[in-house]
1. Any residue in segment 85-108 that is part of a loop (DSSP other than H, G, I, E, B) sitting within a Cβ distance under 7 Å of a residue that is of a type outside the set (Asp, Glu) and surrounded by fewer than 24 Cβ atoms within 10 Å (Cβ to Cβ)? List the pairs, counting only those 6 or more apart or interchain.
2. Out of all the residues in segment 10-40, which are in contact with a Phe, Trp or Tyr (Cβ under 9 Å, 6 or more places away or on another chain) and closer than 18 Å to Leu68 by Cβ?
3. Given Ala11, Ala74, Ala28, Ala34, which one is of a type in the set (A, V, I, L, M), at pLDDT below 95 and surrounded by fewer than 24 Cβ atoms within 10 Å (Cβ to Cβ)?
4. Take the residues in segment 129-149 that are part of a helix (DSSP H, G or I) and of a type in the set (Lys, Arg), then tell me which one is nearest to the chain's Cα centre (by Cα).
5. Might you let me know whether segment 80-89 holds any residue that is surrounded by fewer than 20 Cβ atoms within 10 Å (Cβ to Cβ), modelled with pLDDT of 95 or more and in contact with an Asp or Glu (Cβ under 9 Å, 6 or more places away or on another chain)?
6. Filter segment 97-118 down to the residues that are under 19 Å from Asp139 (Cα atoms) and of a type in the set (Gly, Ala, Ser), then identify the one that is surrounded by the fewest Cβ atoms within 10 Å (Cβ to Cβ).
Amino acid sequence: MHTDLSPVIAATAQWLPRAYPASGGALADALCEAQARQAVTVAARLRYPTAMDVALLGVTGPGGSARLDWITGADGATCADPDADAWRTWVDEVAASWAACLLTDPALAGPAVAALDDRGPSAGTPVEFRRLLAPDEADRRAAALLRHPDLVAPVASLHHAQLVARLDPGQALVA
């Protein structure tokens, strides 16, 4: 059983740039992946806030990328080696959706990172999430597709309401 979220974070952070790739070479790929990883890290920590949540995830598994692949049109792409895509079983749909929300809506990203700070010093500091919270021009160019609200809307909208409820439970009751 996994005692941390690293398999889910790694797989989900790999899925996002594959679905919404960078353009511009190796540096752009790295910048896009870094932004995806930061957003997925925040989303996964919000989604699985306790050790018990992480333990239950280790038992049940995150669900995989099948629905996300279908939504983005990547479900027809199969690899000759079935083991080559085994990492896709560790993709968490909710974490991917929440990460897409955080990447496309700065008004959600700040409160999401702040919610991590409420859980103590090891949860993460805004400096660790600079590319998510304050992307520079190179970051924006590299992740143009990943940060485009219209392009990622089908994924972001899947669990947007749950993210808003997690960040501000009182607001979810009003809406």
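1. Listed by first residue and then by second, the contacts come to Val91/Ala11; Val91/Pro62; Val91/Gly64.
2. Residues of segment 10-40 in contact with a Phe, Trp or Tyr (Cβ under 9 Å, 6 or more places away or on another chain): 10-12, 14-15, 32, 36, 38-40.
Within segment 10-40, Ala10, Ala11, Thr12, Gln14, Trp15, Cys32, Ala36, Ala39, Val40 meet the criteria.
3. Values: Ala11 fails: at pLDDT below 95; Ala28 fails: at pLDDT below 95; Ala34 fails: at pLDDT below 95.
Criteria check complete, one pass: Ala74.
4. Of segment 129-149, the ones part of a helix (DSSP H, G or I) are 129-133, 137-142, 149.
Now narrow it down to the ones that are of a type in the set (Lys, Arg): 130-131, 140-141.
Details: Arg130: 15, Arg131: 13, Arg140: 17, Arg141: 19 Å.
Looking at residues that are part of a helix (DSSP H, G or I) and of a type in the set (Lys, Arg), I get Arg131.
5. Narrowing segment 80-89 to residues surrounded by fewer than 20 Cβ atoms within 10 Å (Cβ to Cβ): 80-89.
So of that shortlist, the ones also modelled with pLDDT of 95 or more come out as none.
The answer is no, given that none of the residues of segment 80-89 is surrounded by fewer than 20 Cβ atoms within 10 Å (Cβ to Cβ), modelled with pLDDT of 95 or more and in contact with an Asp or Glu (Cβ under 9 Å, 6 or more places away or on another chain).
6. By that ranking, first place goes to Ala107.
The values are calculated or read from the model by the stated rules, or taken from the named source; none is laboratory data. Just so it is clear, the structure is predicted and the values come from calculations on it, not from any experiment. In this analysis, Cβ positions are derived from the backbone assuming ideal geometry, glycine residues included, and neighbour counts consider all displayed protein chains.
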